[in-house]
Amino acid sequence: MLGKKILALILVVGVIGGVGIFKVTSDVSAKSTNNIKVMAYKPSAKVNENGYQIDKYENIESAAWMNENEVLTLTKKSEFKNPDSTRIIRYCSIYNLNTKKFEDFKNVNIDEFLGVSPDKKYVLYAEARVIPKIESEEWKKALESGDLLHKNVKLLNLSTGEIKDVNTEKLNSDAQFIWVSSNKILANYFNHWSVIDINGKVYADGNYNGEEHDDAWISGIDDIKDLGSSVEGKFYYTQNKNGKEGVKVCSIDVKTREIKDIYFDKYSSHADKKGKIIIMDKFDNNGDAINGVYTNRTFGALILNESGKIIQNLKLPKGRISSGSFTSDYILSPDGSKAAYIESNNEINNNNNNEKSDVSVKVIDTKTGDIKEIVKASSLNDKNEENDYITVKIKDKDGNIKEKKIKRVPCISNICWDSTGTALSFTYGNSSDVINKNNINTYVVTFDK
């Protein structure tokens, strides 16, 4: 577990707000205005010729949909400094897209944002962990006790502002915590799982029948049903074998603990499942490695149904990079009809020709396989030019150390669909970025129905 990356599931969301209109409902003989009603109204999107509209919300990083007019945002609060690392601490706010006003919750110290409950009442997050200097006596003691690998999971009540601890298992530094209902959470500890409530009470648990170093990552939870005193249904996950390429997609029944193998691919790493659709990332090496590098590697996407039947096997024009989620490079809409991803030149091209690298937000129609480009990151860049470069030290052919400026790959992350699947949001910039701290913007893309 120690060698794994700590999850930082930063999911971002946003919506187009509405305006009010008046509707007169009185009949022709009415003389009073008592029958005039003010009704909520959300105007149709002013879509362009490509069938979508993009709206920009400056200086906010949205993290969850609250309703059609409000989003939850993250804002940098401070820096949590350990001897060998620095973590950016954020607070959250409810931001009204129409009035541009914030309701702040500055008493929270968010290291990892873990999601908003489906009823929008709670925010789940984790605080930063104290990590002593690596290999120091304090570090060894913390590792032995389990404190080093334990993060404190917190619950913020958005109605009262109250903060409470969520009782989770020890050694949870890499665990996933995903809302499955308004008061229940699926806790994934990679070799076993639990469905708990907001107090930590366990309603169902089990393991993945894997070997000691196998890992499981949650892919889909929308089939779990909360019955109050119990839960039923199933969730989907990917499992990899330690030291071996590829993952298999499986489902597990939370009541019977029955596991079903859905699909295996040697050249995949992650999957996302929504509705009746599963999407997996995929790559092809296209030949042997040269000095350990596959110079002809290409990328694609596998679209499957719930039974593992391939619906589409797509080849991407270029590569793709992380969408801000460790669990999938593709983010499905709630019904599975569309999948968003971030396109980039493959890693080899990025290293050799960094000045020409650019990334784009694209959307896949999972039924037809059509891919639509939404926007290029270069068109969104309104930051100080100096912030787009980092300085690195490299050796020249004579062994001399020289400094070189390298253009940073544009940071697009936090892709999230709204509940209807007709809009998605993403962030340009990131409040947890220790280098670039300014000009974080959220973009909302609304599609023509």
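The values are calculated or read from the model by the stated rules, or taken from the named source; none is laboratory data. Please read all numbers here as calculations on a predicted model, not as lab measurements. Reconstructed Cβ throughout: ideal geometry from the backbone, glycine too, with neighbour counts over all protein chains shown. The area values use the complete protein model at the heavy-atom level, side chains included, leaving out ligands, DNA and RNA. Shrake-Rupley method; radii C 1.70, N 1.55, O 1.52, S 1.80 Å.
Observations on the structure shown:
- Rounded accessible area of Thr420 (nearest 10 Å², 1.4 Å probe): 90 Å²
- Taking only the alpha carbons of the range 131-237, we obtain Rg and Dmax values of 15.8, 48 Å in that order.
- Trp65 accessible area, assembled protein chains, probe 1.4 Å, Å²: 30 Å²
- Links that overshoot a 25 Å alpha carbon limit, given the list Lys120/Lys367; Lys81/Lys244; Lys76/Lys170; Lys184/Lys309; Lys81/Lys170; Lys140/Lys170: Lys120/Lys367; Lys81/Lys244; Lys76/Lys170; Lys184/Lys309
- Taking the Cα centre of the range 59-110 as origin and assigning +1 to Lys and Arg Cβ atoms and -1 to Asp and Glu Cβ atoms, the resulting dipole is close to 220 debye.
- Sorting Val293, Val195 by accessible area puts them as Val293, Val195; the probe is 1.4 Å, largest comes first, and only protein heavy atoms count.
- Given a 1.4 Å probe and the protein chains as shown, His192 ends up with an accessible area of around 60 Å².
- Residues Ser307 and Lys100, FRET efficiency given R0 of 51 Å [Cβ-Cβ distance, rounded to 0.05]: 0.60
- In the range 198-344, the portion of solvent-accessible area held by carbon and sulfur atoms comes to 46 percent [1.4 Å probe, whole percent, DNA, RNA and ligands not counted].
- Label sites at Lys170 and Ser182, each approximated as a point 7 angstrom past Cα along Cα to Cβ, lie 3.6 nm apart.
- Accessible-area order (highest first, 1.4 angstrom probe) of the listed residues Asp261, Asp84, Asp281: Asp261, Asp84, Asp281
- Within the range 184-326, percent of DSSP bridges classed antiparallel, to nearest 5: 100 percent
- Derived scalar couplings ³J(HN,Hα) [the range 271-288; Karplus, 6.51 cos²θ - 1.76 cosθ + 1.60; whole Hz; x for Gly, Pro]: 8, 10, 10, 9, x, 9, 10, 10, 10, 10, 6, 7, 9, 10, 6, 6, x, 7
- With the convex hull constructed from alpha-carbon coordinates only, the range 157-205 shows a mean projected area of 3.7 nm² over all directions.
- For the set Met66, Met280, solvent exposure ranked by accessible area (probe 1.4 Å, protein chains only) runs largest to smallest as Met66, Met280.
- Label-point separation, Asp358 to Asn286 (7 Å along Cα→Cβ), nm: 2.1 nm
- Cβ-Cβ FRET estimate between Asp84 and Lys315, R0 fixed at 51 Å, reported to 0.05: 0.75
- Legend: distances between Cα atoms for Lys273/Lys372; Lys100/Lys151; Lys255/Lys338; Lys133/Lys201; pairs beyond 24 Å are Lys100/Lys151; Lys255/Lys338; Lys133/Lys201.
- Cα-based equivalent ellipsoid, the range 53-141: semi-axes from gyration tensor eigenvalues, Å: 32, 14, 10
- Full-stretch length increase - Glu162, Glu135 - with 0.36 nm per residue and alpha-carbon distance subtracted: 6.0 nm
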